[in-house]
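Notes for the one structure printed next.
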Amino acid sequence: MEILDTMIRGGGIAASTILGFLFARRGLGSPIGLFGVLIALAIAGFLVCAAPWMQHAGPAWWISSTICHYAPLFFWLFSRAFFDDIRRFSNIEGMAAAIYSLLVMAYIWAQHQGNSGNHSDFTEAVNDLFRLTGLGIGLYVMFDVIREYRNDLIERRRKARLYMVGAVGTLFTVLVINNIVSDGRAPGGWFGSLVAASLLALSVGLILMITRPRRDILPVTAPENTKLQTTAPTPTASKKKADDPPEFAEEELAAVIAAMEQEKVYRDETLTIVSLAAKLGTQEYLLRRVINGGLEQRNFTSFLNGYRLQEIEEALSDPARVKIPILTLALEAGFNSIGPFNRAFKDKHGITPKQYRQRALEPSGK
């Protein structure tokens, strides 16, 4: 059994190393590249620190176990980059990451105190808080991944969402619960080998997923353009190769464009892909295919927000509408509150709507 366990862990470490290399090729300056590498490191770290032959005191164990402690954070940020095409993280996410890092350091200190025989109610509280926080992050990630299932326009990625929630989410939850009930001890025996085999399968599955000929499942990592723009380009044509097999009729694409540009259906804050499909008299899966394949959009909410932001940008650049509150413009364009609008606007431009209006109306900005 020990030989089999070593072989499984060795295969898992090799697979996670390959996985990290593949994500590193995407560029460590991009969220998907950076957190893809970190999630691969977390997998390798767990396989090392939880190995029965690993001495729980040496440098290798301390390094690998520390990486493992960050796994919930890496899991969350990787899912955001992978499923939500995040190009930059918000200040709130940065603060959450910093707080969790402090919690990791407190947990490492508490573990050291416990190993030295200095148990106290405070160290126990730190241990419990760390483990429950990890469980909470895992459950939140599963909720967040499945919440955007219908808005995801990439069929392969929609399937990956189900895999993430079903297989990866279950494995992650089992590991955290094991950490809670076993007082931080790594799973051993047949259960430890089963977990190692699951992580090997996860690494191999991710490698196959991102190396298949059609790689649209990964977000684009082109350099961002955060300069001031007075207009936002509206997608109006497909860039599919001429020899690609047709996935939809041109009249279906024309109907979607007409609904957005002429009828301005995006102004309806309750609009969903289901209601738009019903309005156009088509099937939901066909509408996804049209928007993704014909307009090169990856998420339905982002697709709507592209039109909404363009309308708002034009209004912010119009001297005749300078007295109209920004909130009013956002609500009229289809945003249901100021928060999502501000996040979408700043993610695109890197500045606030107020700053955009000021720059757009400056004589030198015209």
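Quick notes
- Flag if T236 is under 27 Å from E332 (Cβ atoms) and modelled with pLDDT under 90: yes
- Scanning the stretch 295-305 for residues that are acidic (D, E) and assigned to a loop (DSSP other than H, G, I, E, B) turns up at least one hit.
- Residues being under 20 Å from G134 (Cα atoms), within 8 Å of the chain's Cα centre (by Cα) and either in a loop (DSSP other than H, G, I, E, B) or of a type in the set (A, V, I, L, M) (or both) - total across the stretch 71-95: 2
- Long-range neighbours under 6 Å by Cβ, at least six apart or interchain, first residue under 16 Å from L194 (Cα atoms) and assigned by TED's automatic domain parsing to the domain that holds S79 within the stretch 30-56, second outside any helix (DSSP H, G or I) and at pLDDT 90 or above: none
- So F21, is it closer than 17 Å to G205 by Cα, in a helix (DSSP H, G or I) and at pLDDT 85 or above: yes
- Residue pairs meeting the criteria (Cβ under 9 Å; at least 6 apart or on separate chains; first in the same structural domain as A197 (by TED's automatic domain parsing) and without any contact (Cβ under 8 Å) to a residue 24 or more places away in the chain, in the stretch 11-29; second in a helix (DSSP H, G or I) and among the hydroxyl-bearing types (S, T, Y)): A14/S203
- The residue pairs whose first member lies in the stretch 348-360 and is over 13 Å from I312 (Cβ atoms), whose second member is among the hydrophobic types (A, V, I, L, M, F, W, C), and whose beta carbons are closer than 7 Å, counting only pairs six or more residues apart or on different chains, are R359/L228.
- Selection status of I137, under 22 Å from C49 (Cα atoms) and either modelled with pLDDT under 85 or crowded, with 17+ Cβ neighbours inside 10 Å (or both): yes
- For the stretch 201-221, a residue qualifies if it is in contact with a Leu (Cβ under 8 Å, 6 or more places away or on another chain) and either of a type in the set (A, V, I, L, M, F, W, C) or modelled with pLDDT under 85 (or both), and the qualifying residues are L202, L206, I207, I210, T211.
The values are calculated or read from the model by the stated rules, or taken from the named source; none is laboratory data. As the structure is a computational prediction, the values presented were derived from the model and not from experiment. Methodologically, a virtual Cβ is constructed for each residue, glycine included, from the backbone with ideal geometry; neighbour enumeration extends over all protein chains shown.
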